1. Among the residues that make up region 6-24, is at least one of them hydroxyl-bearing (Ser, Thr, Tyr) and either within 12 Å of the chain's Cα centre (by Cα) or surrounded by 12 or more Cβ atoms within 10 Å (Cβ to Cβ) (or both)?
2. Just to be sure I understand, how many residues within region 21-42 are over 20 Å from Lys2 (Cβ atoms) and either assigned to a loop (DSSP other than H, G, I, E, B) or polar (S, T, N, Q) (or both)?
3. I'm told Tyr41 meets every condition in (1) open to solvent by less than 70 Å² (accessible area, probe 1.4 Å); (2) within 26 Å of Gly71 (Cβ to Cβ) except one. Can you identify the failing condition by its number?
4. Answer yes or no: is there a residue in region 60-73 that is in contact (Cβ under 8 Å) with a residue 12 or more places away in the chain, part of a helix (DSSP H, G or I) and either open to solvent by less than 100 Å² (accessible area, probe 1.4 Å) or aliphatic (A, V, I, L, M) (or both).
5. Pairs, please: C-beta under 8 Å, at least 6 apart or cross-chain, first residue under 19 Å from Cys37 (Cβ atoms) and in region 3-26, second of a type in the set (A, V, I, L, M) and in a loop (DSSP other than H, G, I, E, B)?
6. What are the residues in region 43-59 that are over 13 Å from Ile5 (Cβ atoms), in a loop (DSSP other than H, G, I, E, B) and either in contact (Cβ under 8 Å) with a residue 12 or more places away in the chain or in contact with a helix residue (DSSP H, G or I) (Cβ under 6 Å, 6 or more places away or on another chain) (or both), if any?
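The values are calculated or read from the model by the stated rules, or taken from the named source; none is laboratory data. Note that the structure is a prediction, hence the values are computed from the model and not measured. Quick reminder, even Gly has a Cβ in these numbers, built from the backbone with ideal geometry, and neighbours come from all protein chains shown. Heads up: the accessible areas ignore ligands, DNA and RNA and are worked out on the full protein's heavy atoms, side chains in. Shrake-Rupley method; radii C 1.70, N 1.55, O 1.52, S 1.80 Å.
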Amino acid sequence: MKTVIVIAKYEAHVPDDMTVSQIQDLAEEKIREQLDCFSLYVEDYPNEEEQCPMFDLDDVMVGTETMISVGGD
């Protein structure tokens, strides 16, 4: 089995004097209570037992700038 990572980007405009550290724990708590995990139904996959992969939240990162490189299949 391979590991698949799903990346979601949330964006907010905050006052210049508000720091990332002030937001980090609050954002992580809010995301974990709203969407800690989800599953997908892959309609055309032949193995019914593995047709619904479950995605669990691994980490929440907060920052002002990010670069993401994504690989293929």
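1. yes
2. Looking only at that region, the number is 6.
3. Failing condition for Tyr41: (1).
4. Checked region 60-73: no residue is in contact (Cβ under 8 Å) with a residue 12 or more places away in the chain, part of a helix (DSSP H, G or I) and either open to solvent by less than 100 Å² (accessible area, probe 1.4 Å) or aliphatic (A, V, I, L, M) (or both).
5. Final answer for the pair search is Ile7/Ile68; Ile7/Val70.
6. Across region 43-59, the qualifying residue is only Cys52.
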